[in-house]
Amino acid sequence: MPSADSSPVAEKAQHTLDSYTPSRRALFLAFLQIGVSAFGGALPWGRRILVEDRRWLTSKEFTEIVTVCQAVPGPNMVNLSVFIGTRYHGVVGALIAFAGIVGVPLAILLCLNAVYHHFAYLPAVKSAMTGMAATATSYLLYMSVKMGGSVWKHPLGVLLCVASGALAFFVHWHMALVLLVCGAVGVVIAKKGKL
Amino acid sequence: MKTGDQLLDIAFLYVMLSFLCIGGTIPLIPDMHRFFVESRGLMTTTEFAGYIALAQIAPGPNILYIALFGYHVAGVAGALTALFAISFVPFVLMVIVTRTFTRLQANPWREIVLRGLAPVTVGLMFAGCMLLMRGFPDWRAWLLAAISFAVYLGTQWHPLWMIGFGAVAGIVLGM
């Protein structure tokens, strides 16, 4: 995680979403910066670059936008770039922001992948990959526990979580069916204030 | 299968999955695993997990492993197809939502639906993790996973350190 530094930034004016419109070039560069600096989850970097460095949004606005992005199907970072891009420059802005955040990291990853495949025949590379896959998988597990957040405080939430996981893993239900059935149960429980 | 058909196959999968993509793409892992490993037999679970790890050590939004699955099947065209297919519907929806932002924000159902879905998405994430763990070759992978899980839980260290540690440990243990 980045440490709080760069004091001259503190003197820049704080903008709000409606008070300031960055140019298309600035929009592209901001999302390019988020893309290439984001290791292990891009949202914290989005906040750092858009709120703290560029000061295009207030922290509160950023949080509100993220909550709305989460309510719409889609990868969070795609949704965030489209939201902010559209807000500033319409559909063109959305394309610019999306290209900014995805383009360069995709090129880097494809190169990395090519290097990996070039050396994949080496036993050491295969071993390193197997080891990395194990620790990366446990990071996903950790993210799942953390994403649960307040779910763990509600017995019904835990039950529903276990049921959804079991239906997908043991019973091989498709995700759509799990979301539909368990999601409906979840919404009913949430409506009653038990979640 | 011809490349063109495979591209369509991937595009169809991801356009469908993008509608269900609530709470990130990790809950989609069981369905992606079913498609690439179980149903189409395009890769092994180890390769599948390897691509997820590779995407984590590279910068960028963590959806990019989806592009790697596409690349594995059909090269650069596959990578781009996968990425655009997962992004297209959300892109259109978000452009619409942006224009009705304040109304959606004020809608009390937004909060209720999100709360209700949270346990389900987390359950699906667990299912994805269990699928990947079932592909672990032996006890050494389990040991590494257990050690790194304890570190993620107990420290504020950046995850990259533990993923790097996994690579070194993999070589030392000759996994």
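The values are calculated or read from the model by the stated rules, or taken from the named source; none is laboratory data. Note that this is a predicted model, so its numbers are computed, not measured. Heads up, the Cβs are rebuilt from the backbone with ideal geometry, glycines too, and the neighbour counts pull from every protein chain shown.
Hey, any hits in the stretch B:34-42 for a residue that's buried (at least 22 other Cβ atoms within 10 Å of the Cβ), facing chain A (nearest Cβ under 10 Å) and either closer than 24 Å to residue A:70 by Cβ or not acidic (Asp, Glu) (or both)?
Here is the first cut: in the stretch B:34-42, the residues buried (at least 22 other Cβ atoms within 10 Å of the Cβ) are B:36.
Now restrict to residues that are facing chain A (nearest Cβ under 10 Å): none.
Checking the stretch B:34-42: not a single residue is buried (at least 22 other Cβ atoms within 10 Å of the Cβ), facing chain A (nearest Cβ under 10 Å) and either closer than 24 Å to residue A:70 by Cβ or not acidic (Asp, Glu) (or both).
Out of everything in the stretch A:67-77 that is in a helix (DSSP H, G or I) and within 7 Å of another protein chain (Cβ to nearest Cβ), what residue ends up being surrounded by the most Cβ atoms within 10 Å (Cβ to Cβ)? Quick ask: steps written out before the conclusion?
First pass over the stretch A:67-77, keeping only residues in a helix (DSSP H, G or I): A:67-71, A:76-77.
Pick out the ones that are also within 7 Å of another protein chain (Cβ to nearest Cβ) and you get A:68, A:70-71, A:76-77.
Values: A:68: 20, A:70: 21, A:71: 19, A:76: 24, A:77: 28.
Filtering the stretch A:67-77 for residues that are in a helix (DSSP H, G or I) and within 7 Å of another protein chain (Cβ to nearest Cβ), the one surrounded by the most Cβ atoms within 10 Å (Cβ to Cβ) comes out as A:77.
Restricted to the stretch A:57-66, and to residues that are more than 7 Å from every other protein chain (Cβ to nearest Cβ) and more than 19 Å from residue A:98 (Cα to Cα), which residue is surrounded by the most Cβ atoms within 10 Å (Cβ to Cβ)?
Start the filter on the stretch A:57-66 by keeping residues that are more than 7 Å from every other protein chain (Cβ to nearest Cβ), which leaves A:57-63, A:65-66.
Right, trim to more than 19 Å from residue A:98 (Cα to Cα) and you get A:58-61, A:63.
Numbers: A:58: 14, A:59: 12, A:60: 10, A:61: 16, A:63: 12.
Here the residue is A:61.
Residues checked against (1) modelled with pLDDT under 90; (2) within 8 Å of another protein chain (Cβ to nearest Cβ):
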| position | (1), (2) |
| --- | --- |
| A:99 | no, no |
| A:106 | no, yes |
| A:120 | yes, no |
| A:123 | no, yes |
| A:162 | no, yes |
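Listed here are the residues, each with its yes/no results for (1) crowded, with 21+ Cβ neighbours inside 10 Å; (2) more than 30 Å from residue B:141 (Cα to Cα); (3) in contact (Cβ under 8 Å) with a residue 40 or more places away in the chain; (4) in contact with a Ser or Thr (Cβ under 6 Å, 6 or more places away or on another chain).
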{"site": "A:101", "(1), (2), (3), (4)": "yes, yes, yes, yes"}
{"site": "A:108", "(1), (2), (3), (4)": "no, no, yes, no"}
{"site": "A:117", "(1), (2), (3), (4)": "no, no, no, no"}
{"site": "A:123", "(1), (2), (3), (4)": "no, no, no, no"}
{"site": "A:127", "(1), (2), (3), (4)": "no, no, no, no"}
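The number of residues in the stretch A:144-153 that are within 7 Å of chain B (Cβ to nearest Cβ) and out of contact with any Phe, Trp or Tyr (no Cβ under 7 Å at 6 or more places or on another chain) comes to 3.
Run down A:167, A:195 and say which single residue is within 30 Å of residue B:111 (Cβ to Cβ) and more than 7 Å from chain B (Cβ to nearest Cβ).
Working: A:195 fails: more than 7 Å from chain B (Cβ to nearest Cβ).
Being within 30 Å of residue B:111 (Cβ to Cβ) and more than 7 Å from chain B (Cβ to nearest Cβ) holds for just one of A:167, A:195, which is A:167.
Considering the stretch B:56-77, and only residues there that are of a type outside the set (Ser, Thr, Tyr), buried (at least 24 other Cβ atoms within 10 Å of the Cβ) and free of Cβ contacts under 8 Å to residues at least 24 places away in the same chain, the residue that is nearest to residue A:130 (Cα to Cα) turns out to be B:68.
Going residue by residue through the stretch B:159-168, is there one that turns out to be out of contact with any Lys or Arg (no Cβ under 7 Å at 6 or more places or on another chain), within 28 Å of residue A:170 (Cβ to Cβ) and aliphatic (A, V, I, L, M)? Among the residues of the stretch B:159-168, not one is out of contact with any Lys or Arg (no Cβ under 7 Å at 6 or more places or on another chain), within 28 Å of residue A:170 (Cβ to Cβ) and aliphatic (A, V, I, L, M), which makes the answer no. Restricting A:156, A:80, A:177 to those that are more than 21 Å from the chain's Cα centre (by Cα), more than 7 Å from chain B (Cβ to nearest Cβ), in a helix (DSSP H, G or I) and under 20 Å from residue B:18 (Cβ atoms) reduces the list to A:177. Within the stretch A:18-44, can you find the residues that are in contact (Cβ under 8 Å) with a residue 24 or more places away in the chain and aromatic (Phe, Trp, Tyr)? Once the filter is applied, which keeps residues that are in contact (Cβ under 8 Å) with a residue 24 or more places away in the chain and aromatic (Phe, Trp, Tyr), the stretch A:18-44 yields A:20, A:28, A:31.
Screening the stretch B:133-156 for residues that are under 22 Å from the mean Cα position of the chain (by Cα) and assigned to a loop (DSSP other than H, G, I, E, B) and picking the one that is farthest from the other protein chains (Cβ to nearest Cβ) gives B:135. Please work out which residue is nearest to residue A:143 (Cα to Cα), limiting yourself to the stretch A:15-35 and to residues that are surrounded by fewer than 18 Cβ atoms within 10 Å (Cβ to Cβ) and at pLDDT 90 or above. Here the residue is A:29. Does the stretch A:129-139 contain at least one residue that is more than 7 Å from chain B (Cβ to nearest Cβ), in contact (Cβ under 8 Å) with a residue 12 or more places away in the chain and under 30 Å from residue B:114 (Cα atoms)? No; the residues of the stretch A:129-139 include none that is more than 7 Å from chain B (Cβ to nearest Cβ), in contact (Cβ under 8 Å) with a residue 12 or more places away in the chain and under 30 Å from residue B:114 (Cα atoms).
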